[in-house]
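Take a look at the structure set out below.
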Amino acid sequence: MRANLSALRYPGERSTLVGTLLLVGVILLISAAPTLLLLPLAVGLTLAFSYSRTREHHQQLLRNALAVTPASAAGVDALVQDCRGRLGAEAVQVFAVRSRQLNAYTFGLQAPRVVVLYSALFERMDADELRFIIGHELGHVVLGHTWLNTLVGGMAGLPTSFGGAVLLTLALRGWSRACEYSADRAGLAACGSLNKATSALVKLVSAGRSPQELERALRAVEAEDDSLLNVLAESLSTHPMIVRRIEQMRRFAASPEFQRMAG
Ligand SMILES: [Zn+2]
């Protein structure tokens, strides 16, 4: 028996190799001649690599996930359209992925951007909490985080001095956390209820924990909010601590801007 070689090759193998080689080339070029002239080239190649990776991920979703449409998932689709209307968001492609994890994310360099919702969300969250989750992701879309994240995230890999790399990483993580606060505001605007937005966030951190465990965990987090260890841990993380996210949402909910939106 002779196996068909092209059938054996995993679809993503070639593009991953080409992308990796390109990236290695960029790194070699930059470390050999650290000149600003190469920066545009590096950015271009980073974008090209992200573009092909994004496309591949999209195709994988088309094969393995449920595309949310009025016909396939009317309830979820209605929630998405409702949130889009409230946020003035462009059309997006929404996929539901079967998973026991509570998670959602968005990606895409050009329209329509893709929003991915994990199926466990539909079991654990009510309609308003789902509006918060969907609104949060649409917030990343309307605020331009999706393509910026791809571009800027790629820049973090650019070889610089060690100190430069640390600074760049810390700066990007800080930016990423800022984006989360903004997206939470969008989520709050989409669901219109601080209580529901808060319970959605609490459910995200509490996945798989008993109510008692959760209460203990939340109390511990709150008590250690400003400990040095927490401040350090947060400065390395892409997401702010949940208590801070809730606190920021509370402030936004009390602001005149939000009152005007809600009214
Ligand atoms: Zn987010």
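The values are calculated or read from the model by the stated rules, or taken from the named source; none is laboratory data. Computed from a prediction, not measured in an experiment: that's the story for all the values here. Cβ sites come from the backbone with ideal geometry, for glycine too, and all protein chains shown count toward neighbours. What goes into the accessible areas is simple: the full protein's heavy atoms, side chains included, and nothing from ligands, DNA or RNA. Shrake-Rupley method; radii C 1.70, N 1.55, O 1.52, S 1.80 Å.
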message: Being farther than 23 Å from Gly192 by Cβ and at pLDDT 95 or above: is that true of Ser72 here?
response: yes
- prompt: His145 is checked against (1) within 16 Å of the ligand (Cβ to nearest atom); (2) at pLDDT 95 or above and fails just one. What number does that condition carry?
  reply: (2)
task: State which residue pairs qualify: first residue at pLDDT below 90 and inside region 95-124, second residue more than 16 Å from the ligand (Cβ to nearest atom) and β-branched (Val, Ile, Thr) in any location, beta carbons under 7 Å apart, and separation of 6 or more residues or different chains.
output: Phe107/Thr54; Gly108/Thr54; Leu109/Thr54
task: Have a look at Leu45, Leu37 and point out the one that is assigned to a helix (DSSP H, G or I) and either modelled with pLDDT under 80 or closer than 24 Å to Gly135 by Cα (or both).
output: Leu37
query: Has region 106-116 got any residue that is open to solvent by less than 60 Å² (accessible area, probe 1.4 Å), touching a helix residue (DSSP H, G or I) at 6+ places or on another chain (Cβ under 8 Å), within 16 Å of the ligand (Cβ to nearest atom) and among the hydroxyl-bearing types (Ser, Thr, Tyr)?
result: yes
- request: Could you please give the count of residues in region 148-163 that are open to solvent by 50 Å² or more (accessible area, probe 1.4 Å), more than 16 Å from the ligand (Cβ to nearest atom) and either part of a helix (DSSP H, G or I) or at pLDDT 85 or above (or both)?
  value: 2
task: Please state which of the following conditions Ile30 fails to meet, knowing it meets all the rest: (1) open to solvent by less than 50 Å² (accessible area, probe 1.4 Å); (2) at pLDDT 70 or above.
output: (2)
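Conditions tested, residue by residue: (1) part of a loop (DSSP other than H, G, I, E, B); (2) open to solvent by less than 50 Å² (accessible area, probe 1.4 Å); (3) within 16 Å of the ligand (Cβ to nearest atom).
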site: Arg86; (1), (2), (3): no, no, no
site: Ala89; (1), (2), (3): yes, yes, yes
site: Phe122; (1), (2), (3): no, no, no
site: His140; (1), (2), (3): no, yes, yes
message: Please return the ranges of helices (runs of 4 or more DSSP H) entirely within region 173-236 where 2 or more residues are within 16 Å of the ligand (Cβ to nearest atom), modelled with pLDDT of 85 or more and within 30 Å of Val141 (Cβ to Cβ).
response: 194-206
Filter pass, Val76 being part of a strand (DSSP E or B) and crowded, with 18+ Cβ neighbours inside 10 Å: no
